[in-house]
Structures are given as structure tokens and as C-alpha cells.
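What follows is one structure encoded as C-alpha cells, with my remarks underneath.
The values are calculated or read from the model by the stated rules, or taken from the named source; none is laboratory data. Small disclaimer: the values here were computed from a predicted structure and weren't measured. Here the Cβ is made from the backbone with ideal geometry for all residues, glycine too, and neighbour counts use every protein chain on show.
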Amino acid sequence: MKIIVYFLLFAFAGVALEVTRNSSTSFRDRNPRLIGHSTLWMFPIYGSILFIVMLVQYFYADYSWWFRGFMYTGLILIWEYSSGRFIKKLVGIAPWNYAQETADGIGSPKRFHLHGLVCAEYIPLWFIGGLVAEALYLFLEAHIVF
């Protein structure tokens, strides 16, 4: 039961952060509606970050924060690439494409990408995001009782 609740919390938090980030383009364009969006594919993808955090915590909890940050970065990049590739094979298109501008105008082409599924520009984001996800997990472990 605990793992399901944690998974849902990670999924909702990830999608909420993505929608918030995507709405920043509305702010930049002076659109007072601050429209943001995501895709249902992202729900299980963000929820699964829980398992990356659990893995790193199991093996590397006593290592320095920067080492764990690099572990999260590498594992998130692998997860981002493999989940994007799987969805692309399944339905013919990935939920994101770093190789070209997206039809919705949110995404822009990234200079350093691999098959449009991962990009080097997001490495700092995944480093910080992994540590934030770890903090969420540790908070839940310390304060949520089942």
C-alpha cells in the first residue's frame, strides 16, 4: 500500500511541476491565463522516479549528496531515453522531442540531444530534480505511517 501511495505522490508531483514549468512560457508571452500542460504518459514516468530514488537510497545512502546527484542524473537520463523510446515504438511518437520545436510551441530544439529523447541541457535539472525527489522520499519515509 505504501509503495502505491508514494508512486501516486511522485506522479502527481512530477506532472504538477511539468505543468508549472510549461506555463512559464505563457508568463513569458504575457498570457495572463498561464496555460500549462502535460501528457498522461508522464504520470507513470514520473511515478517511476520513486524506484530510482529507492535504488540509490538502498545502495548509496551513505555517499555524498553530489555523488547521489550524479547517480540520479545518470539513471534519470537512462529512464527518460528508454521510456521515450518505448512510447515512440508503441504509438509512433514520443511525448517529447528535443530534436525539433514541438507543435504546441513549448519545446524548442536542443543542441545536444540523442535521438530527440534526452538532451545534455537538462543534466543540471535532473541532478537537482533527483535530489529533490530524494528529499521527498525521505520526508515521506520519516512522516508517513502505514
**Report entry** Conditions (1) surrounded by 13 or more Cβ atoms within 10 Å (Cβ to Cβ); (2) at pLDDT 85 or above; (3) over 27 Å from Arg68 (Cβ atoms): number failed by Gly107
**Finding:** (2)
Query - Failed item in (1) more than 27 Å from Arg111 (Cβ to Cβ); (2) at pLDDT below 90, with Lys2 passing the rest - result: (2)
**Report entry** Unique match (being at pLDDT below 90, more than 21 Å from Lys88 (Cα to Cα) and not hydrophobic (A, V, I, L, M, F, W, C)) among Ser23, Ser38
**Finding:** Ser23
Query raised in the report: Say we look at segment 18-67 and pick out the residues that are among the aliphatic types (A, V, I, L, M) and touching a residue at least 24 places away in the same chain (Cβ under 8 Å); which of these is surrounded by the most Cβ atoms within 10 Å (Cβ to Cβ)?
Result: Ile49
Query - All positions within segment 1-17 that are closer than 11 Å to Met42 by Cβ and surrounded by fewer than 18 Cβ atoms within 10 Å (Cβ to Cβ) - result: Phe12, Ala16, Leu17
Query raised in the report: Out of curiosity, is Tyr98 modelled with pLDDT of 95 or more, surrounded by 18 or more Cβ atoms within 10 Å (Cβ to Cβ) and not acidic (Asp, Glu)?
Result: no
